Amino acid sequence: MTLVSKASRKTAVAFLMFVLSSPAWADVKVHGATTVAFALMKPHKAEIEQLVGVEIALLPSSTTRGLTDLVQGMADIAMLSEPLEEAAVTANTKQPELINPMDYVGRHVGDAFVQFIVHPSNPIQKLTRAQLAGLYSGKIKNWSEIGGNNQTVMIIGQPTSALYGMIKESLAISYASDLRAVQNTNLIPIIVVQAPGALGNISTAHDVPERSKFKVVETPLKLPLHLYLAIRKDAPEHVKRVVDAAASLGGR
């Protein structure tokens, strides 16, 4: 009886150790850029969890915050809206010697795309590259100049966002001096749905409640916003498999 009890206890302990060490019981913390969170990780969260056998704790914030959390051990994976090397430079500028990128691995896991949005009352359905350049530079000041309503053009933008720089570079323009700057890209659709003359931009990654209220204008400008995940080089296998699963679902 005693031998059976000891054997049972050993079996129970062995089983408990197996369960506790199994990746299926792992809680993988993924912090960082909202673009990556809403374009990839949130839509595919359940699928990734099932594929890898983990539970994902998703915390959207910013690229720098995600990278900082990864370095400080508060996150297992950082979501980045720019390559690891560039994100590290920004992070180290704010907090010197925070991260040595040689100790980490960054991976391109998918893309989001820029969308140009207007008020639903705006009859414009398409904009050419030249028209976009004219609008954003301030050369076109009224929508009637390109077949729209007799309405003053109001350009809304977020000057510190990746989208802002991508549009400027692609169109080879300087922004209009009267551009209405906002502090957060998510504020752009809020203004657009209230201002009939507004033109703004978000990305397909932005999960905003106003999506049913504004109109996306068709353009030939296909600007990809690259999505990245970063982990430690010595990350556990189940963390690496989360990145692999995300990349496969993101088409990378």
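Pick from L80, L229, L58: which is most flexible by mean-square fluctuation in a GNM of the chain where alpha carbon atoms under 10 Å apart are linked?
Its mean-square fluctuation being the largest, the pick is L58.
Taking amide H atoms as placed 1.01 Å from N in the peptide plane, list the residues 5 or more away in sequence, or in a different chain, whose amide H sits under 5 Å from that of A235.
Amide H to amide H, under 5 Å and 5 or more residues apart or across chains, A235 pairs with nothing.
Sticking with the crude label model, points 7 Å out along Cα→Cβ, report the distance from A172 to D207 in nm, one decimal please.
With each label placed 7 Å out from Cα toward Cβ, I get 3.9 nm.
Taking the alpha-carbon centroid of each part, what is the distance from segment 66-99 to segment 104-172 in angstrom?
Segment 66-99 and segment 104-172 have Cα centres spaced 30 Å from each other.
Summarise the long-distance tail of P(r) for segment 28-85 by giving the % of C-alpha pairs beyond 16 Å. Show your work: numbers first, answer last.
Values: 609 of 1653 pairs.
Value for segment 28-85 (Cα pairs over 16 Å): 37 percent.
Helix-only estimate, please: 222 nm mean residue ellipticity of the chain, summing -39500 (n - 2.57) across DSSP H runs of length 4 or more and dividing by its residues, to the nearest 500.
Taking each H run of at least 4 residues, the total per residue is -10500 deg cm²/dmol.
What are the extents of the Cα atoms of segment 115-233 along their three principal axes, in Å, largest first?
57, 31, 25
Put a dot 7 Å past each Cα toward the Cβ at E97 and K233; how far apart are the dots in nm?
1.9
What residues have an amide H closer than 5 Å to that of A198, excluding those fewer than 5 places away on the same chain, when H is modeled at 1.01 Å from N in the peptide plane?
So A198 has HN proximity to H119, M154.
Quick one: if you take sqrt(5λ) for each eigenvalue of the C-alpha gyration tensor of the chain, what semi-axes come out, biggest first, whole angstrom?
Taking √(5λ) for each Cα gyration eigenvalue gives 47, 19, 13 Å.
Once you've got the GNM for the chain with C-alpha springs shorter than 10 Å, pick whichever of M166, M41, M102 has the biggest mean-square fluctuation.
M102
Taking amide H positions as placed in the peptide plane 1.01 Å from N, state which residues far from I56 in sequence (5 or more) or on other chains have amide H under 5 Å from it.
V28
In segment 96-134, which residues have a backbone nitrogen under 19 Å from the label point lying 7 Å from E218's Cα in the Cα-to-Cβ direction?
Within reach of a label on E218, which here means backbone N under 19 Å from a point 7 Å along Cα→Cβ, segment 96-134 contributes 113-133.
Span-like helices, the chain: DSSP H, alpha-carbon axial extent 24 Å or more, mean Kyte-Doolittle -0.5 or greater, which ones?
2-21
With springs connecting C-alpha atoms under 10 Å apart, model the chain as a Gaussian network and identify which of L163, L40, L51 has the largest mean-square fluctuation.
Maximum among the listed residues: L51.
Read-outs: derived from the displayed coordinates by stated rules, not from any lab. Note that the structure is predicted; figures quoted are calculated from it, not measured. Using ideal geometry, Cβ is built from the backbone for each residue, glycine included, and neighbour counts are taken over all protein chains shown.
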